[in-house]
Amino acid sequence: MTAAEIPWPSPPGRKKDPILNRMKSERYNAREAEPRWQKIWDEREIFKTKNDDPRPKYYVLEMFPYPSGRIHMGHVRNYTMGDVVARYMRAKGHNVLHPMGWDAFGMPAENAAMANKVHPKAWTYENIATMKKQLKSMGLSLDWSREVATCDPSYYQHQQKMFLDFWKAGLVERKTSKVNWDPVDMTVLANEQVIDGRGWRSGAEVEQRELTQWFFKITNYSEELLSALDTLDRWPEKVRLMQKNWIGKSEGLLCRFMLAKPQGGHGEIEVFTTRHDTLFGASFVAISPDHPLAKSIAAQNPKATAFIEECKKMGTAQEAIDKAEKLGFDTGIRAQHPFDAKWELPVYIANFVLMEYGTGAIFGCPAHDQRDLDFARKYKLPVLPVVVPEGIDPKTFEIGTEAYDGEGRLANSRFLDGMTIEEAKEEVAKRLERETRGNRPVAQRQIQYRLRDWGISRQRYWGCPIPVIHCVKCGVVPVPDKDLPVVLPEDIEFERPGNPLDRHAAWKKVSCPKCSGAARRETDTMDTFVDSSWYFLRFTAPDAKTPTDAKAVNYWMPVDQYIGGVEHAILHLLYSRFFTRAMKATGHADLDEPFKGLFTQGMVVHETYETKDGTFVSPAEIRIEGMGDARTASLLSNGEPVSIGAIEKMSKSKRNTVDPDDILSTYGADTARWFMLSDSPPERDVIWTEEGVQGAHRFVQRLYRLTNEIAEIAAPENVSRPAEFGAEATAIRKTAHTALARVGEDIEKLRFNRCVAHIYEAANSLGSAVSKTGGAKPSAHLAYAFREAGDIMIRITEPMMPHLAETCWSALGHKNLVTEQAWPKLESSLLLEDEITLPVQINGKKRADVTVPRDANNADIEKAVLALDAVKKALEGKRPKKIIVVPQRIVNVVA
RNA sequence: GCCCCCGUGGCGGAACUGGUAGACGCGCCUGACUCAAAAUCAGGUGGCCGCAAGGUCGUGCUGGUUCGAUUCCGGCCGGGGGCACCA
């Protein structure tokens, strides 16, 4: 369709008498206008992005949704924000990539399959269709031609290929790990699916099981993932901190404690410590109940066995007993102090020592570690302070019930006495590194990370199959590239618990690619976090025959602005950072950090309503009367009173959700978008209120009316610029250009609430200017100013309310699309005032104003200030002690 | 327990690097239009004193630095988030 054929709406209300016209002017009908503009954008393919465009690129991405069924308000907020950025950057002359896809594998599809006997695939694709329609009705400027769904073989085949490449590169490992096993559903549960030690669905007590699982070796990149956080200066500090803590680097010492008497083949205990400075304060050694030495002791000692069993129970008994008492079992074994073989320390099995961290063994220094102190007090072990705060006499320094973990100087520590903690650590490390027992140094420096390898195995159907074959003869064999993808079988049944793939004999049965003998397929599928770890790369070339297209990746990556919920601060974002590096290592990409800018938006929250019997009811089911503290709610159905509860995240269980479809069909997409952007800063939670939505909707109508009024008096589109402007015209132009400057600036900083305020402010000011004309035909320069201001207003509104902006743009007489217009050129000279009014303070309190020329010097300003009545009065004829002039800001007279 | 963030009118929130506290919106009050209502338009709206001009207090509490503090520093109180026997 060419421009001439576009069915341009005739500008409404173009009649002779503007006053009469204003009264009659019809309302903006979003329901009619929005689909019409969407269709025009669609037909002209204006959001379709080319990979070979000479303009500078800009990649804006919102976290893609899980196709749960319908979009929710959180999506509306998230995608509106991204769309504002996308539309703005397009107007600023960038080639913008703004794609959308579906995080389409995952458990809800399997749960739905079990509950409703619908195939996960059918369920997922139906949801995608519904949600796509909903997203389209929001008027998002997305390039839908790049849409991907992670459950489609055309997507996951590449993931399988990369899994194999990672494997070749040594980034995949198969090892045993502890999992939460639901014995009834016969499946592995994620931590969040274990509630009070029981499976969330079956209610069965969850067991800890050792299973052989597939892992990605993310720990190979611990140090890099940590240090590169410093380069992510456009990420929220909070997220970087969370990742830093998650990686949990600590520098310490691996130190061997020789046993006085060897025990079942164990001649020593290796300990990891970060406080080797306190070694002379040691009073015991403790090992984990899972430590090999503990097992060897248990083999001969029933009491030890009983204690270890006790500890295991404690482990499953959940967080309530998290503050569990420190318990230990004295093994009777004695360990020698590394600096003094005659000094023997008791060895305990202790419930608070974790096998998964460090070496599974510690030495306890009660004076300087709270846990060790609690333990020592319980078992009456010595407590000797060895670090004493500066200025305190070591002889009088005593430890009561609180360990001292602050700064200080060493004491009671032989050759370390008087040193700082750092000096003592260095000295201890140096000496023990040199000392040897059995030809090995006693200690070595070690860097320890909390980060563990990423277990990607899931015993589930609806996920990406791990492309591996198990052969009795050849062991674990990769599926050859030519046999990819390993496609999920569709004929599966969910009647019985367990993994349907594991029960699918025909699918499982396969011949070994190496020896052609009988073999079986791996039935684990991948964690869905794998799917979302590279979709942003796939968007750059969604049809490439290989996982990525080098040229496209190099052109588009990194993502310039990524927007999503803070709940993904750690896992998704850390996995993606790892995956991008792994793809670099295997030649699928050429960068380290995928997301240059990250923004985490707040949630959408709403009041909750609860009936007397404690059931939650939805906002749609109630009526609210009164205001402020006197607000009351009652059920629409029977008038029964309902209590108004806390404001919480919208959730199905609290029934405090508002369906975007209802809002869209009542008020239109622009109202919803505008409300989502107003008031609350984007990183904070926004409270959804009916009043707020109505306020937003009022502005939609107001801007529409204002535009039509401006259209009446504005100069024609192409009239040439007058040489001079009067005061009124200049004021109008200042209003428009100030808004232009501020809105642009604030979009770039993602401060959408302020953009909204600027537009309100400008609309107020332009409204007054229009009223002042009283309907009379304005002079040429004033008419020009109105034309300019009207155009600017609508152009800067478009990123936020694109449909309304198109309607207004055509009302202003334009025959093209505002969406395709460049961002207006700022006349910055208009932002400068000729005269400025400075507040005048006397002793720090504002007492007057003084108006001076913009470029007045300090002496002139001082003179003007001293001439003010208020200042004269305050000084009572005396000279001021001091006058502080802050240029362009303020004057303070110190009397 | 450790780490981080946040406390501003009736409400959501503005206030750039220490420089007029309360922009903008919601709500409320008054007026215009209307038979009336809604919508719309005009005006007002932190507390206290005052007819007013104006004064005075005021950014969780409390000290401090400064000519000047919502902003910086110390202590306390309240709310939210992250991690959690991490050696």
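Just to be sure before I move on: is A:Ser141 open to solvent by 30 Å² or more (accessible area, probe 1.4 Å) and closer than 29 Å to A:Arg77 by Cα in the structure I sent? It is false that A:Ser141 is open to solvent by 30 Å² or more (accessible area, probe 1.4 Å) and closer than 29 Å to A:Arg77 by Cα.
State whether one or more residues within segment A:636-652 are open to solvent by less than 50 Å² (accessible area, probe 1.4 Å) and under 26 Å from the mean Cα position of the chain (by Cα). Scanning segment A:636-652 turns up at least one residue that is open to solvent by less than 50 Å² (accessible area, probe 1.4 Å) and under 26 Å from the mean Cα position of the chain (by Cα). Could you say whether any residue in segment A:547-570 is in a helix (DSSP H, G or I), in contact with a helix residue (DSSP H, G or I) (Cβ under 8 Å, 6 or more places away or on another chain), in contact (Cβ under 8 Å) with a residue 24 or more places away in the chain and open to solvent by 10 Å² or more (accessible area, probe 1.4 Å)? Yes, segment A:547-570 has at least one match.
Listed here are the residues, each with its yes/no results for (1) in a helix (DSSP H, G or I); (2) touching a helix residue (DSSP H, G or I) at 6+ places or on another chain (Cβ under 8 Å); (3) open to solvent by less than 10 Å² (accessible area, probe 1.4 Å).
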site: A:Asn180; (1), (2), (3): no, yes, no
site: A:Leu211; (1), (2), (3): no, no, no
site: A:Thr219; (1), (2), (3): yes, no, no
site: A:Ser222; (1), (2), (3): yes, yes, yes
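Considering the conditions (1) within 14 Å of RNA strand B (Cβ to nearest atom); (2) open to solvent by 70 Å² or more (accessible area, probe 1.4 Å); (3) assigned to a loop (DSSP other than H, G, I, E, B), A:Pro382 is excluded by exactly one of them, (1). Filtering segment A:109-138 to residues that are at pLDDT 95 or above, surrounded by fewer than 16 Cβ atoms within 10 Å (Cβ to Cβ) and of a type in the set (A, V, I, L, M, F, W, C) leaves A:Ala122, A:Ala129. With the structure loaded, tell me whether A:Pro394 is open to solvent by less than 80 Å² (accessible area, probe 1.4 Å) and assigned to a loop (DSSP other than H, G, I, E, B) or whether it fails that test. Yes.
Among the criteria (1) over 23 Å from the mean Cα position of the chain (by Cα); (2) surrounded by 19 or more Cβ atoms within 10 Å (Cβ to Cβ), the one A:Val604 does not fulfil is (1). When A:His588 is tested against (1) surrounded by fewer than 20 Cβ atoms within 10 Å (Cβ to Cβ); (2) touching a Ser or Thr at 6+ places or on another chain (Cβ under 8 Å); (3) part of a loop (DSSP other than H, G, I, E, B); (4) in contact (Cβ under 8 Å) with a residue 24 or more places away in the chain, exactly one condition is not met: (1). When the residues of segment A:262-280 are filtered to those that are in contact with a Gly (Cβ under 8 Å, 6 or more places away or on another chain) and among the hydroxyl-bearing types (Ser, Thr, Tyr), the one that is most open to solvent (accessible area, probe 1.4 Å) is A:Thr274.
Screening segment A:676-695 for residues that are within 24 Å of the chain's Cα centre (by Cα) and of a type in the set (Gly, Ala, Ser) and picking the one that is most open to solvent (accessible area, probe 1.4 Å) gives A:Ser680.
For the residues A:Gly315, A:Gly281, the requirement of being modelled with pLDDT under 90 and within 13 Å of RNA strand B (Cβ to nearest atom) singles out A:Gly315. In a residue-by-residue description of segment A:619-631, the property of being at pLDDT 80 or above, within 16 Å of RNA strand B (Cβ to nearest atom), surrounded by fewer than 17 Cβ atoms within 10 Å (Cβ to Cβ) and not acidic (Asp, Glu) applies to no position.
For (1) touching a Phe, Trp or Tyr at 6+ places or on another chain (Cβ under 9 Å); (2) under 23 Å from A:Phe375 (Cβ atoms); (3) of a type in the set (A, V, I, L, M, F, W, C); (4) within 10 Å of RNA strand B (Cβ to nearest atom), each residue gets a yes or a no:
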residue	(1), (2), (3), (4)
A:Phe215	yes, no, yes, no
A:Tyr221	yes, no, no, no
A:Asp230	no, no, no, no
A:Lys244	no, no, no, yes
A:Lys261	no, no, no, no
A:Thr273	yes, yes, no, yes
A:Ile287	yes, yes, yes, yes
A:His291	no, yes, no, yes
A:Ser296	no, yes, no, no
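Condition check ((1) within 16 Å of RNA strand B (Cβ to nearest atom); (2) touching a helix residue (DSSP H, G or I) at 6+ places or on another chain (Cβ under 9 Å); (3) open to solvent by 20 Å² or more (accessible area, probe 1.4 Å)) across all residues:
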{"residue": "A:Leu706", "(1), (2), (3)": "yes, yes, no"}
{"residue": "A:Ala723", "(1), (2), (3)": "no, yes, yes"}
{"residue": "A:Gly726", "(1), (2), (3)": "no, yes, yes"}
{"residue": "A:Ala739", "(1), (2), (3)": "yes, yes, no"}
{"residue": "A:Glu748", "(1), (2), (3)": "yes, yes, yes"}
{"residue": "A:Arg754", "(1), (2), (3)": "yes, yes, yes"}
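Of all residues in segment A:243-289, those that are assigned to a helix (DSSP H, G or I) and over 14 Å from A:Phe339 (Cα atoms) total 5. Sort through A:Asp405, A:Asp372 and tell me the only one that's among the charged types (D, E, K, R), farther than 17 Å from A:His337 by Cβ and either open to solvent by 60 Å² or more (accessible area, probe 1.4 Å) or part of a helix (DSSP H, G or I) (or both). The unique qualifying residue is A:Asp405. Among residues of segment A:838-868 being more than 49 Å from the chain's Cα centre (by Cα) and within 13 Å of RNA strand B (Cβ to nearest atom), the one that is surrounded by the most Cβ atoms within 10 Å (Cβ to Cβ) is A:Val865. Against the test of being assigned to a helix (DSSP H, G or I), farther than 17 Å from A:Met801 by Cβ and in contact (Cβ under 8 Å) with a residue 24 or more places away in the chain, the options A:Glu712, A:Glu745 yield a single qualifying residue, A:Glu712. Tell me yes or no: at least one residue of segment A:696-703 is more than 8 Å from RNA strand B (Cβ to nearest atom), within 15 Å of A:Ser779 (Cα to Cα) and open to solvent by 20 Å² or more (accessible area, probe 1.4 Å). No, segment A:696-703 has no match at all.
Table: residues versus (1) touching a helix residue (DSSP H, G or I) at 6+ places or on another chain (Cβ under 7 Å); (2) among the small types (Gly, Ala, Ser); (3) within 15 Å of RNA strand B (Cβ to nearest atom).
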{"position": "A:Leu766", "(1), (2), (3)": "yes, no, yes"}
{"position": "A:Ser771", "(1), (2), (3)": "no, yes, yes"}
{"position": "A:Ala780", "(1), (2), (3)": "no, yes, no"}
{"position": "A:Arg787", "(1), (2), (3)": "no, no, no"}
{"position": "A:Gly790", "(1), (2), (3)": "yes, yes, no"}
{"position": "A:Leu830", "(1), (2), (3)": "yes, no, no"}
{"position": "A:Ile836", "(1), (2), (3)": "no, no, yes"}
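Residues in segment A:869-890 that are under 14 Å from A:Asp849 (Cα atoms) and more than 8 Å from RNA strand B (Cβ to nearest atom): A:Asp869, A:Val871, A:Lys872, A:Val885, A:Gln888. Pairs only if they're at least six apart or on different chains, beta carbon under 9 angstrom, first in segment A:153-178 and among the polar types (S, T, N, Q), second open to solvent by 60 Å² or more (accessible area, probe 1.4 Å); list them, first residue then second. Pairs found: A:Ser154/A:Asp543; A:Gln157/A:Val487; A:Thr176/A:Glu210; A:Thr176/A:Thr212; A:Ser177/A:Glu210; A:Ser177/A:Thr212; A:Ser177/A:Arg452. Taking the conditions (1) more than 44 Å from the chain's Cα centre (by Cα); (2) in a helix (DSSP H, G or I) in turn, A:Lys473 satisfies each one other than (2).
Taken across segment A:677-690, residues that are more than 20 Å from A:Asp791 (Cα to Cα), in contact with a helix residue (DSSP H, G or I) (Cβ under 7 Å, 6 or more places away or on another chain) and part of a helix (DSSP H, G or I) do occur, with at least one present.
The values are calculated or read from the model by the stated rules, or taken from the named source; none is laboratory data. Note that the structure is predicted; figures quoted are calculated from it, not measured. Neighbour counts are summed over all protein chains in view; Cβ atoms, including those assigned to glycine, are modelled from backbone coordinates with ideal geometry. Surface areas here come from the heavy atoms of the whole protein model, side chains and all, with no ligands, DNA or RNA. Shrake-Rupley method; radii C 1.70, N 1.55, O 1.52, S 1.80 Å.
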